[in-house]
1. What accessible area per residue comes out for region 644-741, rounded to a whole number of Å², with a 1.4 Å probe?
2. Say a paramagnetic label sat at a point 7 Å from the Cα of residue 529, along Cα to Cβ; which residues of region 646-665 have their backbone N under 20 Å from it?
3. Exceeding 25 Å between C-alpha atoms, which entries from my cross-link table qualify? They are 108/226; 226/529; 81/232; 529/673; 109/226.
4. Of all accessible surface on region 644-741 at a 1.4 Å probe, what whole percent is carbon and sulfur?
5. Under a plain spin-label model, where a point goes 7 Å from the Cα along Cα-to-Cβ, how far apart in nm are residue 623 and residue 131?
6. Multiply the residue gap between residue 18 and residue 51 by 0.36 nm, knock off their C-alpha separation, and tell me the result in nm, one decimal place.
7. For a protection proxy built on the mean count of beta-carbon atoms within 10 angstrom, sort 694-707, 37-50, 18-31 highest first, please.
8. Could you list which residues have their amide H under 5 Å from that of residue 145, counting only those 5 or more apart in sequence or on another chain, with H placed in the peptide plane?
Amino acid sequence: MNNNSKSVNSTAIKAEIKRHESLQSAINRLFKQFERVQDQQLRSGLKVFLTSIQVNIANSQEWTLNRSVPELRLGILGSLKSGKSALVNKYITGSYSALEKPDGGRYKKEVLVDGQSYLLLIREEPGPPDAQFSSWVDAVILVFSLENEASFQELYQLYSQLSAFRTDIPVIVVGTQDKISSTNPRVIEDQRARQLCLDVRHSLFYETCATYGFNVDRVFSEAAQKIVAQKKQAALQACKSLPNSPSHSGGSTPGSASNGPSSGYAYSLPSTPVVGHRELRVAQGEGGGSINARSLKSIPRRPSLFKSILWKRSGSSLNKEWKKKFVTLSNNGTLSYHSSSSDYTQNIHGKEIDLLRVTVKVPGKRPPRAVAPVGPSPVPPGSVPGVNGLNKDLTAADGTSTGRIMCLGTCNTSYALEATASLFGGKDQGQSSPMSDRKKNRRKKSMNQKGDAAVGQAEDEENADFIIVSFTGQTWHFEAQSLEERDSWVSAIESQILASLQSCESGRNKARRSSQSEAVALQAIRNAKGNSLCVDCEAPNPTWASLNLGALICIECSGIHRNLGTHLSRVRSLDLDDWPGELTQVLAAIGNHLANSIWESCTQGRTKPAPNATRSERESWIRAKYEQRAFVAPLQPALGTQMPEDSMPEWLVSAVTEKDLPRLLLLLAHSTKEQINSQPAGSSSLPQTALHAACQQGDVVMTQLLVWYGIDVRGKDNQGQTAIMIARKTGSKGCIDILLQHGCPNETSPTTATPILSRRSSTASLGRTSSRKRVT
Ligand SMILES: [Zn+2]
């Protein structure tokens with residue numbers, strides 16, 4: 001954003017905050033006045049009306065929302081004893097108030113992130129998070145009091161409830177200590193607070209003191225930064241998940257409409273918005289949150305934010321005419337244009353641009369963070385000077401930054417640069433716009449009309465044009481009546497792009513998947529029998545997995561599983577971690593139903609913990625179930641066989657050769673690592689280990705399970721072959737990979753290693769993007 005629109009934003013934000021505060025205080029005064037009404041029925045009636053006004057106007061963050069203001073939505077959760085109201089109050093007003101607000105509250109404040117103004121919308125929830133709250137927030141601060149045990153316990157519950165709706169938002173944990181004294185000591189020790197942060201998705205933790213203001217501002221500014229960072233990340237991922245998007249290897253340049261059919265993008269991409277994005281917005285609105293979605297559903301003509309007559313340059317490569325268009329910007333994230341306002345009114349012959357995957361640029365202005373070029377080189381002799389500033393861009397010494405790139409998309413930048421480079425590539429010198437012609441005529445300055453570069457530059461700066469560039473290189477070139485109008489258009493479009501990205505966020509988990517196949521595989525896991533509920537407490541939509549148990553667990557149970565140790569449970573996040581093929585296969589093959597048929601078969605009258613169980617209830621159940629194996633189904637010896645302890649290796653081999661996964665799981669649940677690797681008593685008839693058998697069959701799931709349960713990966717069969725030799729013979733790449741990851745054959749400690757898998761890292765993807773080929 002340039003300084004102009006930045007200060008416009010800041011002014012708009014301040015005005016909005018002022019409006020909101022004066023409305024709130026008027027309503028509060030009215031509430032007090034109502035107390036003086038004698039008639040009790042009338043009094044309560046009036047209060048109901050006023051509450052309704054407060055909810056719908058003052059508390060509705062969307063109401064009178066100025067869409068040109070970028071907003072960040074922050075939710076505050078915590079029990080009544082958590083000190084959350086004092087925290088928010090200190091941040092908003094600068095003063096301390098010990099009162100907890102049982103009804104919560106809505107607040108607005110201006111925040112600066114990277115020098116840019118944002119409107120921070122704060123929503124302090126009085127109760128647990130519901131679907132509407134969860135779909136609304138961009139980030140959540142979870143608050144508990146370091147002096148109140150119950151508030152600490154409740155925080156787990158609130159987090160679990162939030163996780164049922166959203167797991168893709170930044171979370172910050174705050175421990176308040178506003179009133180700690182010798183008579184009111186701290187009860188939550190550091191160790192427990194740290195554990196809480198691990199359990200809550202490795203969140204940041206701050207201790208605050210609202211009495212003195214310690215860390216208060218820092219918490220909110222951290223939250224704002226996290227939201228902005230996440231929005232940037234979302235923009236990157238939205239770009240990656242674009243259908244038909246150019247490959248990241250940079251081998252190809254996106255074709256623009258004027259660039260001939262050398263590449264298929266511009267032609268294969270539908271010119272109307274992709275239906276999927278639209279559905280996403282509607283789906284998100286079902287929680288009741290978004291004005292955009294509501295208007296989409298119920299009002300045929302969407303309310304527009306901006307409309308006016310603009311000049312639009314034809315996209316046809318033959319005829320670069322400028323035509324007047326009736327252009328409208330809707331708050332559902334589309335910009336449409338019609339030949340006339342009557343076409344617009346009748347909703348005919350219009351074209352639409354989906355703003356989700358575009359950038360808006362002002363020719364001649366540099367992206368805010370672009371490196372300054374070496375300096376403009378003179379216009380080459382014979383070139384046609386300044387057509388809407390394009391010529392200058394073409395001849396800039398470094399040939400890179402041609403435009404002003406909006407807000408979020410670092411990736412947008414490189415695409416836009418490539419796209420505009422081809423647009424400005426010299427083949428494209430059409431007519432100058434009617435507007436600039438008129439301006440030239442109007443100009444009072446005595447200058448020669450065409451000629452030296454300085455004049456060309458002066459003209460450039462006067463042209464009120466802007467260009468919308470899609471990721472595929474498609475461009476739409478508009479010109480406004482004045483610079484002011486141009487700036488407000490650009491600013492409004494930029495805000496709409498941001499808003500589109502915001503509403504796109506519910507789809508981020510999917511968008512983040514680096515590959516389609518991984519998304520499909522994860523869906524297969526979710527579809528496995530019983531996987532809609534946590535295997536231990538039956539909380540809905542579990543988002544964590546225990547790999548070796550082949551089961552899905554909720555966030556709260558995952559914290560306890562992690563404490564069991566990896567020999568009992570290997571915990572992994574469905575949302576945050578990578579999921580290579582062999583892991584998804586195990587999870588999809590087992591699932592909670594099968595897992596519980598083994599681990600929870602004989603519960604001896606004990607009842608499972610409920611989703612809202614306390615941590616200690618959960619822990620005692622989970623430890624009994626997996627550590628003490630108290631509920632495991634009994635092992636029925638097959639006919640004529642020994643006690644399983646003595647012949648576990650044989651039993652395992654037979655379960656593997658018979659491809660009997662439930663039996664294998666049951667055996668593993670009954671066995672120790674020593675039993676799995678024991679020498680069979682008496683006979684040496686064993687031809688091979690279960691691992692050999694699994695590799696012989698190329699069975700990735702069984703191979704993986706056996707390795708996790710500690711089978712010796714270097715064991716040899718009676719022909720001296722190791723399992724990996726067998727896997728190489730059968731050509732099972734999956735089995736080979738597993739064996740290699742677990743220290744076969746060269747490593748010395750083969751059984752304990754977890755596959756080396758990177759946690760998803762935003763910096764990694766950023767790096768990938770920025771390394772994309774630049775046009776030079
Ligand atoms: Zn659970």
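The values are calculated or read from the model by the stated rules, or taken from the named source; none is laboratory data. Model, not experiment: these values are computed from the prediction. Cβ placement follows ideal geometry from the backbone for every residue including glycine, while neighbour counts extend to all protein chains displayed. Ligands, DNA and RNA are excluded from the accessible area calculation, which covers all protein heavy atoms including side chains. Shrake-Rupley method; radii C 1.70, N 1.55, O 1.52, S 1.80 Å.
1. Using a 1.4 Å probe on heavy atoms only, each residue of region 644-741 averages 42 Å².
2. Counting backbone N atoms under 20 Å from the label point, the list is 655-656, 658-665.
3. Where the Cα-Cα span goes over 25 Å, the pairs concerned are 226/529; 81/232; 529/673.
4. Within region 644-741, the accessible surface is 50 percent carbon and sulfur.
5. 3.9
6. This chain segment gains 9.8 nm when fully extended.
7. Listed from highest to lowest mean packing, they are 694-707, 18-31, 37-50.
8. It is 151, 152, 176, by chain and number.
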